[in-house]
Structures are given as structure tokens and as C-alpha cells.
1. Being within 11 Å of another protein chain (Cβ to nearest Cβ) and either in contact (Cβ under 8 Å) with a residue 40 or more places away in the chain or not in a helix (DSSP H, G or I) (or both) is the filter here; which residues of segment B:187-204 pass it?
2. Which numbered condition trips up A:Ile139, out of (1) more than 11 Å from DNA strand D (Cβ to nearest atom); (2) more than 30 Å from A:Ile9 (Cα to Cα); (3) free of Cβ contacts under 8 Å to residues at least 24 places away in the same chain?
3. Kindly indicate whether B:Ile117 is over 17 Å from the mean Cα position of the chain (by Cα), over 16 Å from A:Val138 (Cβ atoms) and in the same structural domain as B:Pro31 (by TED's automatic domain parsing).
4. So, B:Glu179, is that one over 26 Å from B:Ile60 (Cα atoms), acidic (Asp, Glu) and either not in a loop (DSSP other than H, G, I, E, B) or not assigned by TED's automatic domain parsing to the domain that holds B:Asp59 (or both) or not?
5. From the list B:Leu150, B:Leu74, B:Leu62, B:Leu58, which one is free of Cβ contacts under 8 Å to residues at least 60 places away in the same chain and within 14 Å of chain A (Cβ to nearest Cβ)?
6. Identify all residues within segment A:152-210 that are more than 29 Å from B:Asp193 (Cβ to Cβ) and among the acidic types (Asp, Glu); write none if there are none.
7. Among the residues of segment B:187-200, count how many are near DNA strand C (Cβ under 7 Å from one of its atoms) and either among the hydroxyl-bearing types (Ser, Thr, Tyr) or touching an Asp or Glu at 6+ places or on another chain (Cβ under 6 Å) (or both).
8. Take the residues in segment A:187-210 that are among the small types (Gly, Ala, Ser) and under 14 Å from A:Glu154 (Cβ atoms); name whichever of them is surrounded by the fewest Cβ atoms within 10 Å (Cβ to Cβ).
Protein chains: 2
Amino acid sequence: MPNQEAARIVIIEDDKTIREGYHYLIDNTSPYTVVNAYPSFDVAKLKIAKDNPDVIILDIQLPGTSGIDALPQLKKMLPDVYIIMLTVYETEKIILDALANGASGYFTKNTPSSKIIDAIKEVMHGGGPMSPDVSKKVIMSLQKNQHSPLTKRETQILELIAEGKDRGQIANQLFIDVETVKTHVKNIYIKLDVNSKADAINVARTNKLI
Amino acid sequence: MPNQEAARIVIIEDDKTIREGYHYLIDNTSPYTVVNAYPSFDVAKLKIAKDNPDVIILDIQLPGTSGIDALPQLKKMLPDVYIIMLTVYETEKIILDALANGASGYFTKNTPSSKIIDAIKEVMHGGGPMSPDVSKKVIMSLQKNQHSPLTKRETQILELIAEGKDRGQIANQLFIDVETVKTHVKNIYIKLDVNSKADAINVARTNKLI
DNA sequence: AAAAAATACCCCTTCAGGGGTGATTTTTTA
DNA sequence: TAAAAAATCACCCCTGAAGGGGTATTTTTT
């Protein structure tokens, strides 16, 4: 673990005002040091390994390689670096993609600048900071749909199918006949308008039924 | 949308000290009103509908019905209520279960009390507040495993299987023979130690390979 | 009393998966 | 840079489970 009190920060952000603003802010109102600030990933990648940063503040909408595409490359060059995304985009897909690809935190640009200092501190201590609007979207992506067309039994059976159980195993577990399982499965397929286990699971997951 | 400046709060928490502490704190240092505080869900459920709360602060480890089991019941009684979980548990599974079942925010009990006031404000404004340790776990649950035993081609085929494509469709899409797809699938099964599509998808998801 | 859900059975076709074999190409590494 | 390893490609046989079709009784809910 690097020195948490003097973490090395790199900023990758194309907007000069924002870039220099954060640079100044971090250098002067926090114990952290900005070792470099770049206007794009394509410029940053040539030198960033030498910068040896602990935390990278990374914009998504960069000229050339986007922040999302930069993520796996940064993780390969600097496996232990913490990356905080900073962007105006906040669609669920982009947020989830960024986090899936190794971002440690995610803030939208309407976040008060002082929160970024807190965020650096949090990632250095193993946290995963997000702005409230971002975490709201993350939470929504985890929530189940309350209005399922499936009955309780059907939902139960679909969950077992999703676990990889076959008809026989499901029948045993629920103390019902294999043929009954078949009937339920048929009804599930009709309701979800699919004709295979895989499709049923996908439709169910997409609509957060299971 | 209820009056955001005078939100009605209910606390469900069995520890008297914590319960009364939050009660006092919220009533005296925030614009919000604690309309009631209960030591368990089983007591709360009899009266909580009349309390008409905007936000419920809910402990997980309650006597009788647990906070997790209380979630769907509360959501049924009060569909628009915001629920902030407050607990010492912070395993990934419990956190994800709580959020999947309708919690709007999640804090561990080492969170400074003042953060709870902020959290109430955030949920009232559509945010999804979480403490850094919690959001870290949520983020980890979203991240892909960088060290997959599968080759690119195998990962690609497994993703198509997970989308519900059959051998023929995969062969067409990748411009290879159906038999080749079969060979790849066999190798995937050997590497993941499974013997069905469903199990392969599950192992892959559990280990975040796809 | 009617509707919805859960239960159970039969026939038939298609596809997934187990087993085995072997060639060509790409990538790694010694 | 040549040898070894890994990845990709292709084919055959056989069995069992999945899925489509239909029918019908009992239980639960409204």
C-alpha cells in the first residue's frame, strides 16, 4: 500500500479549465500531489507508467481513445491504480460498463469539486465512492421488477432453471412430478414469449424478474 | 412528491441506544420529523401504514422478521417509501439482496451519524446513498474477472451461448462450422468443469468471466 | 360460482452433450 | 529462430433431455 497521505494523482481530462481547476484544487487544498495532467489518453499512455500514479481521475469523453476504452489499457499498465471516472454521461449502461471494466468510483460533473478530494481519500482507503445520482442508477440496475407476469411457482421454477437444474432435479426439490414441471415451463415460455431455457433466463434477467 | 423539507421518518431498530440516538439526532439537527420508532418489524407493521413515512431507517438484524424479509412487505404496504438499510452486516450477498429487494440506500453502522441526515436528503432527491465500504462491495460485484481460463474465442462463444444462441446460430455468426462450435463448447466445459450450457453460464457469471 | 393456479399424463421430434480422432494455424518460449 | 504449446478448426456415432402438441383434475383465489 502506498503512502495514503501523499498519494500521486494523474488527471486525464480534455477540458483545460476543468483539468487545471482540479490540478490547482488538489495541489493546494489536499495532501495529494498531481504528478501530471493530460488532455487525452493517447498522450497520457506514453508517459503515465513513469508517473506511477496511485489514483487516476479519468474523463469519459476524451478526443481519440475514450475513457471507457482507456480503462482496460490503464489497468494493464498499472494493475493497482485506482481510477475515478468523471463525466457528464450518466446512462446506466455507460456507468455499469465503466465499473465492470475496473473503475473504482464514478462521479458526474455536477459534483462539488471538494467531493473529489473526499473520493481520492475513500479509494485510497478501499472505498468505492460514487455521486448520489450514479449510485442511484447502480442500485436501480440491481432492483427486481415488482410486476412480474409469472406466478410464484413459475418464478420459483425459473430461478431453479437459471441455476442450471434440470426437470428431474426441479421436480425432486419441489416434491412435484416431472410432468408438472414441464407444464409450468411451458406456461413460462408462453408468458415470456420464448422457447428455450436460455431465452427464458435472458428475458427474465433483462426484465429483472429473477 | 411529498414535502422534501419536512419528510416523515420512521426508525426500525432493536438497539434502544441507537434507536433513541437517531430519533433525537434527526428531530433536533435536521428539518425532518421522526413520526415513530419501533424495536422490531413485527411491532412496526401494525401501525406503520398510519405513520405514512417518506423514509424508513431499517436495521437488518431485528428480533423476529429480519430487515431483509421486512423489505418486500414494507414495499407492499408503502410502495413509494424510501428505505435506508443500517446494519453491521456487509457481506456482498446481504447488501445485494437488500438492494435487489427495494432498499434505496445502505449504510454500515460505523457510518458517522451525521451522514444519515445527508442520506435522508439524498433519497428524498432521488439519490441512492451508500457508505464507501458498501459501494465498494457493490462495485466489486459489477467488475469482471481479468484472469479468465478461457481463450478469446471460447469467451466469445460462451457469451453467445449466454445470449441464448444455439450451435447453428453461433456457427453462422462466427463463420465457422457447427462442429467447430461443438469442439469449443466441449473445451469450455472441461475448463469450467461443467457439463451443460446452464452450468457453464452460471460458473462464468459467478466468476465474472462474462 | 368463476377464474386462476398448480397438478399430472401421453406422443413425437429436435438438439445438446459424451465419446473419440486428427489437421491447421497462431502464439509462446526456450 | 526453431520447437513446443495453445488455439482453432473439422468430422462421426450415439443417447438422453428439452421442447411442441394436446388433455384433464384438483386446489386456491377472487
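The values are calculated or read from the model by the stated rules, or taken from the named source; none is laboratory data. Please read these numbers as outputs of a predicted model, since none were measured by experiment. All Cβ positions, glycine included, derive from the backbone under ideal geometry; neighbour counts span all protein chains shown. For the accessible areas, the whole protein counts, side chains as well, though only heavy atoms, and no ligand, DNA or RNA atoms are used. Shrake-Rupley method; radii C 1.70, N 1.55, O 1.52, S 1.80 Å.
1. Listed by number, the residues that qualify are B:Val194, B:Asn195, B:Ser196, B:Ala200, B:Ile201.
2. Checking A:Ile139 against (1) more than 11 Å from DNA strand D (Cβ to nearest atom); (2) more than 30 Å from A:Ile9 (Cα to Cα); (3) free of Cβ contacts under 8 Å to residues at least 24 places away in the same chain, the one that fails is (2).
3. yes
4. yes
5. B:Leu74
6. Listed by number, the residues that qualify are A:Glu154, A:Asp177, A:Glu179, A:Asp193.
7. The qualifying residues number 2.
8. Among residues in segment A:187-210 that are among the small types (Gly, Ala, Ser) and under 14 Å from A:Glu154 (Cβ atoms), the one surrounded by the fewest Cβ atoms within 10 Å (Cβ to Cβ) is A:Ala204.
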